[in-house]
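Contents: one structure, followed by commentary.
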Amino acid sequence: MGNASVFQRVEKKYQMSEEQYARFLQKTKELIHEDEFGLHTIHNIYFDTPNYGLIRSSLEKPKYKEKFRMRGYGTVTQDSEIFLEIKKKYQGVVYKRRTCVSYKEAERYVSEGVLPEGSDQIMREIDYFFQFYKPQPQVYLAYDRVAYVGNEDDQLRITIDRNIRSRYERLELGYTGGCRSLNPGTYLMEIKVAMAYPVWLSRILAELQIYPISFSKYGNVYANSVLSGELHPWLREAGGQQMSENRKKQREKEKESCLQVYSAV
């Protein structure tokens, strides 16, 4: 959905009810328009260290954080073009660098380390990321999206995601079954701008009482899994042995971080 490979912008997220979403569309119908892709499904596989070090660090809200994902659109086959993306955030500004390869080439790279033919500078940056973190596929996450563009400013982009779902098994972009829903019945809006919001947009958000939230799809999937007892990376690290007192304290600190993320949405 677009071939731009480098992004630098401010992104803010908002959670809406179905009623708020309908009212937002009504009030902005003369100001924004749906992009050429319409409603479509986005498939992601997020990569992380074996003990989920990247997302655990992200939950502590550092000034700088980064993550890697493999992303496909619509129906994904071995020959589909997909994106390998590094997404970084520093002091509220998002920097995204991505490169397009076939799904077949992407799978070969992440499983065998074979660089796709004709790899570009961004692919070399991704390779450095892999050499440094040695990440592995950890979770499949998908959602249905509609994107809107400003009528007077095409740098204003608004995406609305619904039916956010995930799984820890069968980490394949082309397989769509076996998922669990995250926050069913809600809509996640993300507003992406190069500079400041237009005045009309700020007024509509205030009128509808739609306020920014701190929300990471991957972060919330991870937090929900930890709190439900589905995922316990600290037990994996302990290898079944009795945890030390320091490790128990670290476990409680991590659960507290997850609770803060969970209660914020």
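The values are calculated or read from the model by the stated rules, or taken from the named source; none is laboratory data. In this text the structure is predicted, and so the values were computed from the model without any measurement. Using ideal geometry, Cβ is built from the backbone for each residue, glycine included, and neighbour counts are taken over all protein chains shown. Calculation scope for accessible area: heavy atoms of the full protein, side chains included, ligands and nucleic acids excluded. Shrake-Rupley method; radii C 1.70, N 1.55, O 1.52, S 1.80 Å.
A few comments on the model shown:
- A 1.4 Å probe over all protein chains sorts Met16, Met195 by accessible area into Met195, Met16, starting with the largest.
- Most to least packed among 178-185, 224-231 [average Cβ atoms within 10 Å]: 224-231, 178-185
- Orientation-averaged projected area, Cα convex hull of the stretch 83-222 (nm²): 10.7
- Percent accessible area from carbon and sulfur atoms, the stretch 1-113, protein chains only, probe 1.4 Å: 47
- Using the Stokes-Einstein relation with a Kirkwood hydrodynamic radius computed over Cα pairs, the translational diffusion coefficient of the stretch 1-118 at 10 °C and a viscosity of 1.306 mPa s comes to 94 µm²/s.
- Per residue accessible area of the stretch 44-83, 1.4 Å probe, in Å²: 43
- Against the compact-protein benchmark of 2.2 N^0.38 Å, the Cα-based radius of gyration of the stretch 136-193 scales to 1.39.
- Accessible surface ranking that places the most exposed of Asp154, Asp48, Asp144 first, with a 1.4 angstrom probe: Asp154, Asp144, Asp48
- Scattering curve values for the stretch 61-136, log₁₀ I(q)/I(0), Debye with Cα scatterers, q = 0.11, 0.22, 0.27 Å⁻¹: -0.29, -1.01, -1.34
- Convex hull of the stretch 19-71 built on C-alpha atoms - directionally averaged projected area, nm²: 6.6
- Accessible surface, 1.4 Å probe, highest first, among residues Asp127, Asp79: Asp79, Asp127
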